[in-house]
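Here's the structure, in structure tokens; my notes come after.
The values are calculated or read from the model by the stated rules, or taken from the named source; none is laboratory data. Source: prediction; values computed, not measured. All Cβ positions, even for glycine, are placed from backbone atoms using ideal geometry, and neighbour counts span all protein chains on display.
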């Protein structure tokens, strides 16, 4: 029997009992690092990559039976490798699980997560129904917030999980929440980081830095700089974090010229002078995926992107390619009364297959 079918059966077994009272606010494991280690070992186009991923997640499902976050990570990981699995067949099995137990919240949740990749509107409808039946099911609120780009659903998640370090939650908050709410969430995250830095916190830092910049006043600039310096001291102790370290060190230099500003009177917006086209990820190229990735950018006083955070995701590895491309763009910097300044900006990266 193929590994993916064995794993689905293991998931189905966890859906037969009563849902636990406490669902947790983030994955108990660092799935991002698992994926990164696989990426470093094989190309995603290599069948060995998928085989190893299956084996690792099968072990995790056994160790964390019934954990919504582990199952969610598994489904999303498989979804990013759709060229090597019959993803519709994969979704069909979760649909069958849901239909066999229509009142089981867990089965409905897993089906919605699987369905979200190909039919986000249908998945969102299922999740909205789940949140009525089980309003304390935090993972459902977060998936619904991501699929619907919904600040209200994100607020419901953060009400249950005010200091969650789930990367998708932090990314959504950095791009969707108004400054007052972003300040409250970033303060809760800071308190958690100050209690002890964990390696997986590295994945949330660029979005956290941007969220803090959006919610800070000029009087808070020095505190912001000290926080970033503390983050950099922590990640220097880790292996394989050169990219985040480089971004953070450069961002500190940018902040020496003041907080980023929002566009207002007396200001001229930044203009792109050099636009590097994005590469296609292997999986997106095989599936002929097209679309766009919306990005929030801090453009510095020299016209260089200092921080780039995904606002609207496309998936299939294209979000990462969009960020990578924009980091090499060049702008005429924004000005305030003729003086170059750091500024918040937005942009969109289009992915179109060549004819």
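Listing for the model above:
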item: Hey, residue 67 in contact with a helix residue (DSSP H, G or I) (Cβ under 9 Å, 6 or more places away or on another chain) and touching a residue at least 60 places away in the same chain (Cβ under 8 Å) or not; result: no
item: Lone unmet requirement of (1) outside the structural domain of residue 105 (by TED's automatic domain parsing); (2) in a loop (DSSP other than H, G, I, E, B) for residue 183; result: (2)
item: Answer residue from the range 239-271, given it is buried (at least 16 other Cβ atoms within 10 Å of the Cβ) and assigned to a loop (DSSP other than H, G, I, E, B) and is nearest to the chain's Cα centre (by Cα) among those; result: 241
item: Residue under evaluation residue 313, criteria (1) under 30 Å from residue 115 (Cβ atoms); (2) buried (at least 17 other Cβ atoms within 10 Å of the Cβ); (3) out of contact with any helix residue (DSSP H, G or I) (no Cβ under 6 Å at 6 or more places or on another chain), criterion not met; result: (3)
item: Selection count, the range 304-347, where residues are assigned to a strand (DSSP E or B) and within 17 Å of the chain's Cα centre (by Cα); result: 6
item: Residue 343 being crowded, with 20+ Cβ neighbours inside 10 Å and touching a strand residue (DSSP E or B) at 6+ places or on another chain (Cβ under 8 Å); result: yes
item: Lone qualifier among 160, 188, 169 - being surrounded by fewer than 22 Cβ atoms within 10 Å (Cβ to Cβ) and modelled with pLDDT under 95; result: 160
item: Residues of the range 147-164 that turn out to be over 14 Å from residue 182 (Cα atoms) and under 15 Å from the mean Cα position of the chain (by Cα), as a count; result: 4
